[in-house]
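To start, the structure under review is shown below, and the notes come after it.
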Amino acid sequence: MKKYLSFFRLRFSMGLQYRVAALAGIVTQFFWGVMEIMIFRAFYRTDASAFPMTLSATSSYIWLQQSFLAFFTAWMMENEIFDSIVNGNIAYELCRPVSIYNMWYARSIANRLSRAVLRCFPILIVASFIPYPYGIAAPASAGHFLLFVITLFLGLAVMVSFCMLVYVLTFFTISPQGLRILFVSCVEFFSGALIPLPFFPEKVRQVMELLPFASMQNVALRIYSADMNRAEIERAVILQVFWLIVITLIGKLLCKIAERRVTVQGG
C-alpha cells in the first residue's frame, strides 16, 4: 500500500505545479458555466413549471459540474499510459514489483484530485456571489452536504475505474483512438454531463439511472440541491458501490489476462 501512496503523492504534487493551466481552466469553465445557465434560462422563461428541476437547482448543478470538471470528464485520460502501451514502454512498468492496475489507479486519482483542488475553490467562491437563481445555492441541509461529499468521491472512484477499463482494453487493440471516442461519447451523454438526467423522458431516465454512467457525477450533483428523495438516494448510493466493485473487478481481471498475453515488439 505504501508504494501506491507514494505514486499518489508524487503525481498529486506534480499536478499542483500546473498553476497557469489551472488559471486558464478556471476562466474557461467559468464562462462555459455562464453560457450553459443562459441557455437554460431561455427555456425556463417560456414555462418554468415544465421542467423537473428549478432554475436555481439547475444553476447549482452546472456550477458544481464546472467546479469538479476534473473529477468527471472522461476525456481527461492520461496520454502517457496510452503511449506506453502502444510504443512498448509498458515493458518497463511490468518489470516493477507492483500491480500496474493499482499504480495507474493511484496516479489517475491523484491527477484528477490535484486539478480539481486548483480549480474548484475559485469557481465556487465566485459562483456563490452571483445573484439568485443564477449562482450556486447553499446545500439543502448539512446531511445533504455530507452525502454530497461521500457520493462525490464515490463518483470519482467509479470514473477512474471506468477509465482504467479503457486503458486495459487498449492492450487488445492496435490503436486506442476508437475506444476513447466511443467511451468518452457514452460517458458525456449518459452521465448527465451534457443534459442533467432528470430532463430526459421518464422511461429513458429510469434506464439511464441504472447504467454505470449515472453513478458518476449525476448522484452527487443532484443530492446537493435535494433533487432526490431518500429512497432515490439510497438506491443511487447502492448502485455507485455496485458499479465501483463490478467495474474494478472486471478491469483487474482483464489486466491480469493482458499481462500474461502482452507481446512487446522490437528490442
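Equivalent-ellipsoid semi-axes for the chain (Cα gyration tensor, √(5λ), whole Å, largest first): 35, 20, 17. Principal axis extents of the Cα atoms in the stretch 6-92, from largest to smallest and rounded to whole angstrom, are 59, 26, 20.
Counting only protein chain heavy atoms and rolling a 1.4 Å probe, the accessible areas of V207, V117, V187 rank, largest first, as V207, V117, V187. What is the distance in Å between the Cα centres of the stretch 105-138 and the stretch 208-252? Centre-to-centre distance over Cα atoms comes out at 20 Å. Ranking Y167, Y18, Y132 from most to least accessible surface, computed with a 1.4 Å probe over the protein chains only, gives Y132, Y18, Y167. The accessible surface of the stretch 1-91, taken with every protein chain in place and a 1.4 Å probe, is 68 percent carbon and sulfur. Run the reach check for K203 against aspartates and glutamates, Cα to Cα strictly under 19 Å, same-chain hits fewer than 8 apart removed. What comes back? List returned: D227, E232. Let me test this: with uniform point scatterers at the alpha carbons of the stretch 88-212, what is the Debye-based log₁₀ I(q)/I(0) at q = 0.16, 0.22 1/Å? Calculated log10 I(q)/I(0) at the listed q: -1.08, -1.45.
In a simple Cβ point-charge model (Lys, Arg +1; Asp, Glu -1; nothing else charged), the stretch 1-117 has a dipole of about 460 debye relative to its Cα centre. When all protein chains stay in place and ligands, DNA and RNA are ignored, the 1.4 Å accessible-area order of L254, L210, largest first, is L210, L254. Here is how the number arises for the chain: DSSP H runs of 4 or more residues each give -39500 (n - 2.57), the sum is divided by the residue count, and the result at 222 nm is -23500 deg cm²/dmol. In the context of the full set of protein chains, residues of the chain present 51 Å² of accessible surface per residue (probe radius 1.4 Å, heavy atoms only). P(r) for the stretch 153-267, from all Cα pairs and a bin width of 10 Å, is 13, 40, 29, 13, 4, 1 %, short bins first.
Taking the Cα centre of the chain as reference, the dipole from Cβ charges on Lys and Arg (+1) and Asp and Glu (-1) amounts to some 680 debye.
The values are calculated or read from the model by the stated rules, or taken from the named source; none is laboratory data. Computed from a predicted structure; not experimentally measured. Note that each Cβ is placed from the backbone with ideal geometry, even for glycine, and that neighbours are counted across all protein chains shown. These area figures cover heavy atoms from the full protein model, side chains too; ligands, DNA and RNA do not enter into them. Shrake-Rupley method; radii C 1.70, N 1.55, O 1.52, S 1.80 Å.
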